[in-house]
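Structure record follows, encoded as structure tokens.
The values are calculated or read from the model by the stated rules, or taken from the named source; none is laboratory data. Nothing here was measured: the structure is a model prediction, and the numbers come from that model. All Cβ positions, glycine included, derive from the backbone under ideal geometry; neighbour counts span all protein chains shown. The protein model used for the area step is the full one, side chains on, heavy atoms only, and it has no ligands, DNA or RNA in it. Shrake-Rupley method; radii C 1.70, N 1.55, O 1.52, S 1.80 Å.
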Amino acid sequence: MPSPYASLQRTEALARRELLDVTSYDVSLDLASDDSTFESVTTIRLRSRAGSTFLDLKPVGLAQVRLDGRRLGVDLLERGRFPLELAEGEHELVVQATMPFRNDGEGLHRSVDPADGKSYVYGMSFMDAAPTIFACFDQPDLKAPYTFHVRAPHDWVVVGNAPGQQVEPGVWELEQSQPLSTYFVTVVAGPYHVLRDEHDGIPLGLSARASIAADLDKDADELFTLTRQSFDELHRLFGIRYPFGDYHQAFVPEFNAGAMENPGCVTFRDPLVFTSRVTRGVRVARASTLAHEMAHQWFGNLVTPAWWDDLWLNESFAEYMGNRVTADVTEYADAWVNDSYARRQWGLTADQRPSSHPVAGNGAVDASAALQDFDGISYAKGCAILRQINATLGDEVFFRGTIDHFERHRFGNATMHDLFESWERAGASRVGMDMADFTDNWLRTVGPDRIELDRAAAVIRRTPPEGHPADRPHRIRAAVAAGDGTWTDQLVELDAPETAFDAGDRPVLLDPYNDTWALLIPDPLTMDALESLLPAVQDPLLRAGAWSNIRSALHNAAVDPVDVLELVVRSLPIEDTEDTRRRTMAWVYSWVLPLQPDQRAAAAQIHEAARAKVADASPTSEEQLAAFRAAIGTAGDVELLRTWLSGDQLPDGIPLDVDLRWRILVRLATLGALDLAELDRQLETDPNAVARVRHAGARASLPDADAKSWAWSCFTGEVDLPNYELEAVGLGFWRGGQEVLTEPYVERYFADLPDTVRVRSGWVLADAAEHFFPATSLTPETLARAEGLIADGDLDLSIRRRLVDEADNLKRKLAVLEAFPRP
């Protein structure tokens, strides 16, 4: 089933760029008239070189289109495109339309806070979404300045890409912005709680929903401090001041990504305003996200890729600079450790999939497909490769070339070749770096090299990815364990397929410090030794690297999952204090447990290990909280969970906050120990945004036919849920031990998935395909059904990409079970 809207093809973007120069946008939005739609009037001034093109526009109603004062027929609009015939010269285009408020985190998203009933709006123009806010030529290389006029309820505050003010009650005028690409144009409006500050002549702002104002106030000092420190360091490194006026950071509800780098008004998901106690892991992640978005003001905003095949020029650089700045100048010096836990496997897993793509030149044929390439390759792998470039060039050449790139393409667009020419001018060849060779081997070649120790042959073997030959030298450190459990590092140059390395009978971890980008598989002797060695490892980066290598081994069926469970029980990885997706404990739940002969018994083992860690940890410590979360997530004792829910027998230093209360409720729901009525009562006692999302996930987790039927109606779109709740429902649906209830839905998933393009689009379309995939059906038949649907040429490209990735997960789990059969 094709999408109701056409996505811009690269060939179309090239043709339109040859035809047009956009001079300016003037946009008027009326947000005060209706709860489901808003009025949008766009005036576009442009220059044409004569020819046919089209305007991007996705309204629910089109009142009029005028070209140079002449009314055009509104019935010409088809699949989000309005055709235009333009003579050579200057033109003015005026479009008056009714646009939809959305609830999927894209376009102009409207959310009602369950805590107080107040409504909030924010714009997310990314990837095909801008035309649901204003009429535009939606591609990154048609930049223009914007002026916004906004009518809103009188108690609302309006913030956008340029400074603005309320000129009369409910009427806001924003100044003309710097030249912007359509995808980072935004307006944030609502009864937000706003804080303001200033640093080095830059007006700073923070905002969040009124119901979490006290939580924003608590975090404000840290957030403003991180912003000041990051600005100072980025100014020092780049030598070019932040060019977009005010710098506002808006924490908005139901935001899909971690954040979006809109110039002048960065939007963040508002769970990053902490309403419950959180771990250091998420605080580091928030700090590096903040610095990541600030780095985007130069990489992405000041200079923007001409097309999405160079999106790494945005994301890889922001990822590298965000981690580097966070580690170097903020209190979170362990940012690279957090990166090893949170991002490394995300990138390595993506780079081994059938859907893997080059870091640069990813072949993005259209904007919709390009959205799926905002993945671990464009972020984590690109970041790792930039660290290598920086290590080779040195800071002087690296940043001299970067500054040259910014100055030559200021407020414009550029390509990878433009950046590399700047590095050449800065002296890359003089320091011995062949940029062309590096590009071919590292940026244009898919997949990681596999690096393993062949103990019998006394060599380290380097194998390029199958079907993608490359000659990549690696300079790594090998951590070698002595008999007393101490580790020493040895520098190894891998410049040939085999490199001599005699480890004797000592355990060895290859590249645990992430000096290169490669797939590292521990040899059997090392895997066996880690069960006793890992608990004593104190170096946090070495521990993170060890877990990364263990995860790679299981992902490639190189280790028995039963042995991995023993390692988890002996050395529960709570030093990676977060358990959100991509983190180590989340991997334990999604990979290690499902591959055990007896999942219930395995969960009980982890539960006991977690409770032992709780008892041993210092009260109020990060490790205590992480261990208690693990104890909740693996508990099978209903009475114990209810005792904790009542507030009794909680460990010293663990208060029962909203997060922990709903973790317990979700676990009780999964065990079938409560019903929907009790979940509803729990929500009614404190109807906040976090509780609403957890309630949806708990309802889907119930081992009850009615609950599963309701959850499935959310997937098909019969029940319309906001994006966060839809994700929670999908992740709650497929629970281990509920296969009798969920098995009939395996076939329904493949039957219903293609038509979900009728009810959702963009980010949420692909996310739902992933979250509702039958993750508990580990059978060859399910894999065959997935591969059959992937082969359907009519399947939406975003859905296909996620289905390919989920099928790859299933195929790899089946490979583990074949290599290490369960009794």
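Some points to look at:
- Scanning region 498-514 for residues that are within 33 Å of the chain's Cα centre (by Cα) and free of Cβ contacts under 8 Å to residues at least 60 places away in the same chain returns V508, L509, L510, P512, Y513.
- Hey, L542 open to solvent by 10 Å² or more (accessible area, probe 1.4 Å) and assigned to a helix (DSSP H, G or I) or not: no
- So E466, is it part of a strand (DSSP E or B), open to solvent by 50 Å² or more (accessible area, probe 1.4 Å) and within 30 Å of V359 (Cβ to Cβ): no
- Subset of region 672-684 (residues that are under 22 Å from L640 (Cβ atoms) and either surrounded by fewer than 23 Cβ atoms within 10 Å (Cβ to Cβ) or among the acidic types (D, E) (or both)): G672, A673, L674, D675, E678, R681, Q682
- Test for W312: is it surrounded by 22 or more Cβ atoms within 10 Å (Cβ to Cβ) and under 15 Å from L386 (Cβ atoms): yes
- Flag not set for G123, criterion: touching an Asp or Glu at 6+ places or on another chain (Cβ under 7 Å) and either surrounded by 24 or more Cβ atoms within 10 Å (Cβ to Cβ) or outside any loop (DSSP other than H, G, I, E, B) (or both).
- Some residue of region 545-563 being of a type in the set (S, T, Y), buried (at least 22 other Cβ atoms within 10 Å of the Cβ) and over 25 Å from the mean Cα position of the chain (by Cα): no
- The residue of region 325-370 that is farthest from the chain's Cα centre (by Cα), among those that are at pLDDT below 95 and among the β-branched types (V, I, T), is V365.
- Top-ranked residue in region 232-258 [being closer than 29 Å to S422 by Cα and aliphatic (A, V, I, L, M); ranked as farthest from the chain's Cα centre (by Cα)]: I240
- Remark: pairs (first residue in region 52-78, on the phi > 0 side of the Ramachandran plot; second residue outside any loop (DSSP other than H, G, I, E, B) and open to solvent by 80 Å² or more (accessible area, probe 1.4 Å); Cβ separation under 9 Å; 6+ apart in sequence or on different chains) = D68/E90.
- The residues listed here are D270, D334; of these, the one that is in contact with a Lys or Arg (Cβ under 9 Å, 6 or more places away or on another chain) and closer than 17 Å to L223 by Cβ is D270.
- Helices (runs of 4 or more DSSP H) fully within region 249-352 counting 3 or more residues that are more than 30 Å from V588 (Cα to Cα): 280-296, 312-329
- Test: G376 is surrounded by 19 or more Cβ atoms within 10 Å (Cβ to Cβ), in contact with a helix residue (DSSP H, G or I) (Cβ under 7 Å, 6 or more places away or on another chain) and of a type outside the set (F, W, Y): yes
- Count of residues meeting criterion [surrounded by 15 or more Cβ atoms within 10 Å (Cβ to Cβ) and either on the phi > 0 side of the Ramachandran plot or not hydrophobic (A, V, I, L, M, F, W, C) (or both)] in region 469-508: 8
- Applying the criterion of at least 2 residues that are open to solvent by less than 50 Å² (accessible area, probe 1.4 Å) and either at pLDDT below 95 or aromatic (F, W, Y) (or both) to the strands (runs of 3 or more DSSP E) found wholly in region 1-113 leaves 37-56, 81-102.
- When restricted to residues that are open to solvent by less than 10 Å² (accessible area, probe 1.4 Å) and more than 27 Å from A604 (Cα to Cα), region 692-722 contains 4.
- Residue check for D215: more than 26 Å from the chain's Cα centre (by Cα), open to solvent by 10 Å² or more (accessible area, probe 1.4 Å) and either of a type in the set (D, E, K, R) or under 23 Å from V690 (Cβ atoms) (or both): no
- Hey, R324 open to solvent by 10 Å² or more (accessible area, probe 1.4 Å) and under 27 Å from F420 (Cβ atoms) or not: yes
- Residue list for region 564-607, restricted to those being under 21 Å from T776 (Cβ atoms), open to solvent by 50 Å² or more (accessible area, probe 1.4 Å) and at pLDDT below 95: T580, R581, R582
- Exactly one residue out of L753, L817 is over 28 Å from the mean Cα position of the chain (by Cα) and either closer than 18 Å to Q372 by Cα or open to solvent by 20 Å² or more (accessible area, probe 1.4 Å) (or both): that is L817.
A quick yes/no check of all residues on (1) touching a residue at least 12 places away in the same chain (Cβ under 8 Å); (2) under 33 Å from the mean Cα position of the chain (by Cα):
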{"site": "V459", "(1), (2)": "yes, no"}
{"site": "P464", "(1), (2)": "yes, yes"}
{"site": "H468", "(1), (2)": "yes, yes"}
{"site": "D471", "(1), (2)": "yes, yes"}
{"site": "A479", "(1), (2)": "yes, yes"}
{"site": "A482", "(1), (2)": "yes, no"}
{"site": "T486", "(1), (2)": "no, no"}
{"site": "L491", "(1), (2)": "yes, no"}
{"site": "A496", "(1), (2)": "yes, no"}
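- Cross-chain or 6+ apart pairs with Cβ under 7 Å, region 752-772 first and outside any loop (DSSP other than H, G, I, E, B), then hydrophobic (A, V, I, L, M, F, W, C) and open to solvent by 30 Å² or more (accessible area, probe 1.4 Å): P754/M1; D755/M1; V757/M1; R758/M1; H771/L731
- Complete set of residues in region 84-106 that are of a type outside the set (A, V, I, L, M, F, W, C), touching a residue at least 40 places away in the same chain (Cβ under 8 Å) and over 12 Å from F38 (Cα atoms): E88, G89, E90, H91, E92, N103, D104, G105, E106
- Evaluating E452 against the criteria (1) over 20 Å from W298 (Cβ atoms); (2) part of a loop (DSSP other than H, G, I, E, B) leaves one unmet condition, (2).
- Residue count for region 725-748, restricted to those that are touching a residue at least 60 places away in the same chain (Cβ under 8 Å) and open to solvent by 30 Å² or more (accessible area, probe 1.4 Å): 3
Condition check ((1) in a loop (DSSP other than H, G, I, E, B); (2) within 23 Å of N413 (Cα to Cα); (3) touching a residue at least 60 places away in the same chain (Cβ under 8 Å); (4) of a type in the set (K, R)) across all residues:
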{"position": "F134", "(1), (2), (3), (4)": "yes, yes, yes, no"}
{"position": "T147", "(1), (2), (3), (4)": "no, yes, yes, no"}
{"position": "V158", "(1), (2), (3), (4)": "no, no, no, no"}
{"position": "A162", "(1), (2), (3), (4)": "yes, yes, yes, no"}
{"position": "Q165", "(1), (2), (3), (4)": "no, no, no, no"}
{"position": "E173", "(1), (2), (3), (4)": "no, no, no, no"}
{"position": "Q176", "(1), (2), (3), (4)": "yes, yes, yes, no"}
{"position": "V188", "(1), (2), (3), (4)": "no, no, yes, no"}
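- Among residues that are of a type in the set (A, V, I, L, M, F, W, C), touching a residue at least 12 places away in the same chain (Cβ under 8 Å), farther than 23 Å from R277 by Cβ and touching a helix residue (DSSP H, G or I) at 6+ places or on another chain (Cβ under 8 Å), A707 is included.
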